[in-house]
Amino acid sequence: MSQLGCKADANNKQVAGQIEFKHLKSLRMEEITMSEGNGKKEKGLSDYGIIYLSGSIEDGTSESVCKEIIEYNISGKTDHIQMILNSSGGSCPAGFAIIDIMEWSRIPIFTTGIGMIASMALLVFMTGTKGRRVITPRTSMLSHRYSSMTWGNHSQLLATRKEQDLEHDRIIDHYLRYSGIQSKKELEKYLLRDVDTWLAPDEAVKLGLVDLVEPLKPQISGERRG
C-alpha cells in the first residue's frame, strides 16, 4: 500500500480571512451541541457545513469524508464547505479518492489546517478553493516522497513496480496543479526531495501551497454574527 506519510496581498488577506472563518466565527459551543433535555434538536458540525478530518487517512476516513461532500452537494443546505484538517497523512488511494470528490463538488470547499498537515493530508489540503486555503501559525507542514510496502514473488514485485511509478507521477501532477511550482525539477528541489521537507508557514505561502496564515479568532461577546 502506498503511503504519503501564492503570496496573499493585504486586501486578499482581509477578504480570505472573513470568508474562510465564516462558520468558525459564527459558532458557539452551546449551538453545536444542545442539551437533549431542552426539547430542541441536537446539532452537529454537519449542520454548519463543516467537515473535520483528523488522524490517519485510510479507507474508512475517505469513505466518511466523500459521503459528507456528496450529501452537501445533494442537499444544497450550505453555500460552501469548511474542511478542517489535522492529519499526518496516510494511504495514497484513500487520499486521492477524497481529492477526486473535492474536485467533483459543485460547492466550493475551503480548507483550514491546524496542528499538522503532513504527507497525503497536505495534498488534500491543497485541493481546497484557491484563495481559501488557510493554516494557523502553529500548523506543522510536511512534504515528502511516498513510501510503499510490497510483498510477493519476484514476478509480482516487478508488476508492482509500475504502479509505484504511476503513484509518483500522480503526486507530481497534483503538486504542479495546486502549488506555485511550475516544473518537476523545481518540485523535486523544494518539496519532493530525498529527505523529508518541513515547511514554515511563510515558506508554504511562498511555494503556493497555502493562501493565508491566520490564527483562529474566538467570537467576542456582543460581536455581530453574520
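Every number here is computed from the coordinates shown, using simple stated rules; none is lab data. Since the model is a prediction, treat every value here as computed from it, not as a measurement. Glycine gets a Cβ as well: all are built from the backbone with ideal geometry, and neighbour counts include every protein chain shown.
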Notebook entry, point to check: So how do His168, His154 line up by other beta-carbon neighbours within 10 Å, fewest first?
Noted result: His154, His168
Notebook entry, point to check: Tell me, what is the FRET efficiency for Asp169 and Asn73 to the nearest 0.05, using R0 = 41 angstrom and their Cβ-Cβ distance as r?
Noted result: 0.90
Next item on the list: Arrange the following residues from fewest to most other Cβ atoms within 10 Å of their Cβ: Cys92, Cys66.
Entry: Cys66, Cys92
Checklist line | Above-threshold pairs, the threshold being 25 Å between Cα atoms, out of Lys130/Lys184; Lys189/Lys217; Lys67/Lys217 | finding: Lys189/Lys217; Lys67/Lys217
Margin query: Starting from the 7 Å offset along Cα-to-Cβ, what nm value, one decimal, do you get for the label separation of Gln182 and Leu45?
Written below: 3.8
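How big is the Rg/Rh ratio for the range 69-226, C-alpha atoms only, Rh by Kirkwood, two decimals?
Values: Rg = 17.6 Å, Rh = 17.1 Å.
Across the range 69-226, the Cα-based Rg/Rh ratio is 1.03.
In nm², what is the average projected area of the convex hull enclosing the Cα atoms of the range 53-148? Walk me through the numbers on the way to the answer.
Details: hull surface 23.2 nm².
Value for the range 53-148: 5.8 nm².
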Check: When the dipole is taken about the Cα centre of the range 71-226, and only Lys, Arg (+1) and Asp, Glu (-1) are charged at their Cβ, what size is it in debye, to the nearest 20?
Finding: 320
Check: Using the count of nearby Cβ atoms within 10 Å as a rough guide to exposure, how do Trp198, Trp151 rank from fewest to most?
Finding: Trp151, Trp198
Notebook entry, point to check: Which trypsin sites (Lys or Arg not before Pro) in the range 123-226 pass both tests, a DSSP loop state and at most 13 other beta-carbon atoms within 10 Å?
Noted result: Lys130, Arg138, Arg193, Arg224, Arg225
